[in-house]
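Here the structure is laid out as structure tokens; the discussion comes afterwards.
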Amino acid sequence: MRITKKAVSLVLAMLMITSLFTIVPMTVNAAPPDSGTGTGTGGSTTVIIPTTAGDDYLTFTAEEANSSVTLKFRNGSNFKYNKNDLGWQDYTKGTQITLANAGDYVRFSGKDAEFNDYNHVSLTGKVAASGSVMSLRLDDYGESQGLINYCYQYMFSDCTSLTQAPELPETTLAKYCYGAMFVGCTNLTKAPALPATNLADYCYRYMFRGCTSLTELPALPATTLADNCYAYMFYGCSSIRISDQAGTFGGITYSAEYRIPTTGTGTSAEDALDDMFGNTGGKFTGTPNINTTYYLPAPATPKVAEVNGTQYDTLEEAIAAAPTGATVKLLEDIDFSKVTTNRNAHDTGAELKIDLKDLTLDMNNHTITTVNASVVFTG
């Protein structure tokens, strides 16, 4: 997703206190996407789309040119795809969709999707997933049908081109629903949020097995575990570091607390935690105990933006360092209501001005948020 600035002033005016906007590019004569309003002048029109649950389709975005996406399903129907918001078309199982340019993307919807070890997503190149997997399990009215046993098992099996996982928003799980879902995804560095509080037998078993680049663990809020629910979940994730003590061991300082469940008192089940951290790379490996505090390395503060391979702590720093004609790429969502910038855009009527000069702002599938205020891009 890109904004190309050519003497264009763009104002993101917040309509509601908690409104969230995603910015995507459109040519002047292109048909608008599924929802949203457009504003802008000059050689292109910029469309501002409110992000809502109904538009939260499973999306694949190319991070390098000539990447591709192919979906095979064990079961399901009414599958459709929408490439670069040019309109929805029927999707035939096994059809490869080429994303010719970095930043090209394709969205999917469907009904009753199920995957297995032989029918799953295949990717080439370098691809980030976003949006909700539940867009593949919609009913005739576009509402999520929830999970069933085995539905997303092996969905991304051996997708070594996957760099970012999609959203898994369901809070009630089914047997084996996410089993081995990301097994062998060796370029995945961060696990998606796992908000489920109602677990099922084997629901996360082998979920990230062999994800050797994975370094960030998800919070696990469920207090009542199920048989084998977390068994072998991170087995072979050699970049994960966890310790049963705080302190420095093997040159790694462990200070961030990690606990199962995240809060409260948990109740375990048969083999629920069996070898959950087997063959990982920290001081502690193997089977953790419930209701016990472990320790992770303190997380580094994430960089917000990148210019020509150099990463910066803030968007303003990246823009200031960018030479004329460069692309500033977002690496994280930015919430100007929570961070201090040259003007904290939180108070009513506040206006944060960001001078893009003659630059391209690549949203990179991220968002910029403010509260009851305006962010003004000039350049």
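Side notes on the structure shown:
- Subset of segment 255-270 [surrounded by 12 or more Cβ atoms within 10 Å (Cβ to Cβ), under 26 Å from the mean Cα position of the chain (by Cα) and within 27 Å of THR197 (Cβ to Cβ)]: ALA256, TYR258, ARG259, ILE260, PRO261, THR262
- Residue count for segment 137-165, restricted to those that are open to solvent by 10 Å² or more (accessible area, probe 1.4 Å), under 16 Å from SER67 (Cα atoms) and not in a loop (DSSP other than H, G, I, E, B): 2
- The listed residues are TYR235, TYR206, and the only one of them that is over 24 Å from THR171 (Cβ atoms) and crowded, with 22+ Cβ neighbours inside 10 Å turns out to be TYR235.
- Every condition in (1) in contact with a Ser or Thr (Cβ under 9 Å, 6 or more places away or on another chain); (2) open to solvent by less than 30 Å² (accessible area, probe 1.4 Å) is met by THR314 except one, and the failing one is (2).
- Scanning segment 202-235 for residues that are part of a loop (DSSP other than H, G, I, E, B) and touching a residue at least 60 places away in the same chain (Cβ under 8 Å) turns up LEU217, LEU225.
- Residues that are under 23 Å from PRO169 (Cα atoms), of a type in the set (Asp, Glu) and open to solvent by less than 50 Å² (accessible area, probe 1.4 Å) number at least 1 in the following strands (runs of 3 or more DSSP E) confined to segment 87-136: 105-114.
The values are calculated or read from the model by the stated rules, or taken from the named source; none is laboratory data. What you see is a predicted model; the values in this text were computed from it and never measured. No Cβ is skipped: glycine too gets one built from the backbone with ideal geometry, and neighbour counts run over all protein chains shown. Remember, those area values only see protein heavy atoms, side chains included, never the ligands or the DNA or RNA. Shrake-Rupley method; radii C 1.70, N 1.55, O 1.52, S 1.80 Å.
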